[in-house]
Amino acid sequence: EPRDGVGVMEAVHSWWTVRGEGEATSSEHRIDVRFSPLVIHTNRNWKTAHSASTTRTNATFHVAVDGTEASSEVGLPPFKPGIYEGTAEDCRDLSIRFAYHLTFLLGTRVLASGTTSACRETLNLAQGGDGGGDGGLAIEPASERERILVTALRALDGCAASGRHPNAALALVETAILRCLSRAMGIPVPSLLDVCGGHQGPVRCFYTVGMAADRNLLAEDVRYGSGNTQFLKFKLDKDAEKALEVFSALEAEGLLVAGRRTVAIDANCSWDPEFAMDFLARLQKYLPHVYMIEQPFPFEMPFSEAARWALAGRGSRTSARSAASWCTRTRA
């Protein structure tokens, strides 16, 4: 049921029965895709550096072709221009347009189809093309099921070419399709995309602590998070004083262990090179415990600005370039 003034967003389900191509024209194949909103209610007002809420609506997407299926979910923090621009409504809109594009690419192969929410406007499918080719994969599809999923990737490329869909929505749909294709081929996604290396070692799951103004509430959330994982993340933006307070509290709770980097700082793209250098200097005592600093700089910050700081330096201590490098790399 709706709560806190949040209404119920409708799911979108689209399906097709299609004929095979080439030698497989006598075969029939079933395709299903479904967008669903995922409403999350928190136990109390959950505060980050830029917002506070008790409800968040994420999005999920499900793809199935002939019984092979996969799902994805995208986290959708409260809107912040230039940082968090995707919403559940954006994801729903993309799922409708994606179905429209896929129907167009399947063409006369479609024997039957249906959707719970048809596209209400005419799209110029010729503009930007349909993505073409093999979807940018390193391995050729071998079965009809795999070729259908590659066609789905091309349909998504056509949606992306319009420039109207945020990356969060595109990533939601793409992840589900790639996972489904990975299962159909029996090949890991990194190999499918010819991504060298891939992830090695254990996965580190961070708990994001709600940035409550009350220190007792903050400590309570820290204790809850540390009871489930040793890795904690704090959305601090440019609040250096809050950062020092947080690390002091972690130290008092005995959660800073020598030789272990278990704390992540999320700057939400709010820093510039000068602030980064000052911030790191003020937190010098606690840097051995920092695993990473996430999104330190704005997406649109020109490299020339960082380069100027690197050339100017700040005495012999460091440079903005080295600060940027430290901020963006992960530590084991």
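Laid out as a table, the results:
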{"quantity": "Residue pairs meeting the criteria (Cβ under 9 Å; at least 6 apart or on separate chains; first within 16 Å of PRO78 (Cα to Cα) and of a type outside the set (Ser, Thr, Tyr), in the stretch 201-215; second open to solvent by 50 Å² or more (accessible area, probe 1.4 Å) and in a loop (DSSP other than H, G, I, E, B))", "calculated": "MET211/ASP239"}
{"quantity": "Matching option when the condition is closer than 30 Å to LEU105 by Cα and either surrounded by 13 or more Cβ atoms within 10 Å (Cβ to Cβ) or modelled with pLDDT of 85 or more (or both), among VAL39, VAL6, VAL12", "calculated": "VAL12"}
{"quantity": "Conditions (1) under 28 Å from GLU85 (Cα atoms); (2) surrounded by fewer than 17 Cβ atoms within 10 Å (Cβ to Cβ): number failed by GLY259", "calculated": "(1)"}
{"quantity": "Test: residue in the stretch 127-146 that is surrounded by 15 or more Cβ atoms within 10 Å (Cβ to Cβ), closer than 30 Å to PHE231 by Cα and at pLDDT below 95", "calculated": "no"}
{"quantity": "Number of positions in the stretch 251-284 that are part of a helix (DSSP H, G or I) and polar (S, T, N, Q)", "calculated": "1"}
{"quantity": "Enumeration of residues in the stretch 51-73 that are under 17 Å from the mean Cα position of the chain (by Cα) and open to solvent by 20 Å² or more (accessible area, probe 1.4 Å)", "calculated": "ARG56, THR57, THR60, HIS62, SER71, GLU73"}
{"quantity": "Residue match in the stretch 135-142 (condition: among the acidic types (Asp, Glu), in a loop (DSSP other than H, G, I, E, B) and more than 20 Å from the chain's Cα centre (by Cα))", "calculated": "yes"}
{"quantity": "Some residue of the stretch 157-165 being at pLDDT below 95, more than 30 Å from ILE40 (Cα to Cα) and not in a helix (DSSP H, G or I)", "calculated": "yes"}
{"quantity": "Residue that is assigned to a helix (DSSP H, G or I), at pLDDT 85 or above, touching a Lys or Arg at 6+ places or on another chain (Cβ under 7 Å) and surrounded by 14 or more Cβ atoms within 10 Å (Cβ to Cβ), where the choices are LEU153, LEU105, LEU94, LEU149", "calculated": "LEU105"}
{"quantity": "Given (1) open to solvent by less than 30 Å² (accessible area, probe 1.4 Å); (2) more than 29 Å from LEU217 (Cβ to Cβ); (3) at pLDDT below 95; (4) not aliphatic (A, V, I, L, M), number of the condition GLY22 does not satisfy", "calculated": "(1)"}
{"quantity": "Long-range neighbours under 9 Å by Cβ, at least six apart or interchain, first residue among the β-branched types (Val, Ile, Thr) within the stretch 180-198, second modelled with pLDDT of 85 or more", "calculated": "ILE187/LEU181; VAL189/THR175; VAL189/LEU178; VAL189/ARG179; VAL189/LEU181; VAL189/SER182; VAL195/VAL189"}
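The values are calculated or read from the model by the stated rules, or taken from the named source; none is laboratory data. The model shown is predicted, which means the values in this text are computed figures rather than measured ones. Counting neighbours? That spans all protein chains shown, and the Cβs are built from the backbone with ideal geometry, glycine included. Side chains included, ligands, DNA and RNA excluded: accessible areas come from the protein's heavy atoms. Shrake-Rupley method; radii C 1.70, N 1.55, O 1.52, S 1.80 Å.
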